[in-house]
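Some notes on the structure that comes next.
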Amino acid sequence: MSKVIVHTDAWKKLLKWRGDSALVRRMEATRDLFPDLWQEIHGLSLGLDMEVQDVFLWNCRADLMPDAIASSMSIAVNRLTSRSILYVLQQNGLPGEHVSLVEVNPSGKPGFLGLCHPGCVPGSTIAFTRDGLLQAVNDLPCEWDDDGIPSALIGRAVLGAESLADAIDGVTQCPRSGCAHHILASAHEFIMLSIEAAGAHRSVLPVSSKYMHGNAPEHRATGAVRHEAKDRRQPDYVRVSGFLNSMPDHPADDEVLELFGRLSQGKSCDGPGGVTPLLSEEASAVALVQANEGAIGLRLCLRSQGQVHELNVEWPFAGSQGRPEREA
């Protein structure tokens, strides 16, 4: 997998930060604040046969190169009886087949499932825990701040939270060196939040019905830190947003599932110009997480080398610590 990383344009551009004093300070801060996470980075370095500082640098790329962030969309729906997050990953600067689903079961903390980029700790896309915590992350383009923890590592740390309140504190209180948008929710509470975190700036909005976010700041409170970044998929965001607006204020679970089908199967919508695909090109991954008091489940569509791989996962609650039930 290290060969995949070192041959990317992103890696070649990152090399100028190797040994940078600001990077060293971020490494030290991560080691001090999140020792367990620091051990994960060490584990990745062994598995990838890369230096620890290089693995850490690779996990900082969204903060260091705002024009090369992964293109993604998050669609959230909050209902009295359920929470849903639909996540679309269109491009991550790597071959699509290297996006993977990982299951992590750390000692003493809730296990989780999440999409993961190669060489990265999970937590920078979409994931959910056995305790019913849901998180979706969209990278936001902004300038690197010397003081703080890289955004990708904060997302991973959140997945170790024992409650929604702890997860919210992790996103809003942790010193951050980059920018990201988080959707946080719990299967057990009628609480869903949209949080924009950009350097020292924080903005928190409740999600009471349906909501959509991409790779640009939407909250007024963080508008001052907006970065002029290229977004070749802006028309896709507009089309999907328009389709979401045409849905009921509180879409039912099966209506959200229908939208998942449209996005994962490349279906079209009827617009002023006729029938138009929602996405201009097929997504690398489309994931739908739906949770209620009884269980939390995932529907996933991955594309690689022209093939489509689909997976359904369901984790029942009631204290079960068994392996997730899966359908091919």
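The values are calculated or read from the model by the stated rules, or taken from the named source; none is laboratory data. Please read all numbers here as calculations on a predicted model, not as lab measurements. Note that we place each Cβ from the backbone using ideal geometry, even for glycine, and neighbour counts take in every protein chain shown. Surface areas here come from the heavy atoms of the whole protein model, side chains and all, with no ligands, DNA or RNA. Shrake-Rupley method; radii C 1.70, N 1.55, O 1.52, S 1.80 Å.
A few points about this structure:
- Other residues within the sphere of radius under 10 Å centred on the Cβ of Thr129, judged by their own Cβ, net out at 0 (K and R +1, D and E -1).
- For the stretch 200-217 versus the stretch 273-317, the inter-centroid distance based on Cα atoms is 22 Å.
- Solvent-accessible area, 1.4 Å probe, carbon plus sulfur percent, for the chain: 49
- Heavy-atom accessible area per residue - the chain, 1.4 Å, Å²: 44
- Pairs of Cα atoms farther than 28 Å apart, the chain, %: 36
- As a rough guide to protection, the peptides 235-243, 65-73, 103-111 ranked by mean Cβ packing within 10 Å, highest first, stand as 65-73, 235-243, 103-111.
- Legend: residues Phe128, Phe260, sorted from most to least accessible area (1.4 Å probe; ligands, DNA and RNA excluded), read Phe260, Phe128.
- Residues of type aspartates and glutamates that Lys3 reaches as a straight line, Cα spacing below 17 Å, ignoring anything fewer than 8 places off in the same chain: Asp49, Glu51, Asp54, Glu97
- Nitroxide proxy distance, nm - points 7 Å out along Cα→Cβ at Asp67 and Glu28: 3.2
- Packing rank of 36-49, 205-218, where each peptide gets the mean count of other beta carbons within 10 Å, highest leading: 205-218, 36-49
- Other residues whose C-beta falls under 11 angstrom from the C-beta of Cys120 contribute a net charge of +1, scoring Lys and Arg +1 and Asp and Glu -1.
- Counting only Cα atoms, the size of the stretch 46-176 along its three principal axes is 43, 32, 31 Å, in decreasing order.
- Segment Gln265-Ser246, length gained on full extension (0.36 nm per residue, minus Cα span): 4.9 nm
- The stretch 2-121 - Kirkwood radius from inverse mean 1/r over Cα pairs (Å): 16.1
- Convex hull (Cα only) mean projected area of the stretch 122-195, reported in nm² to one decimal: 4.4
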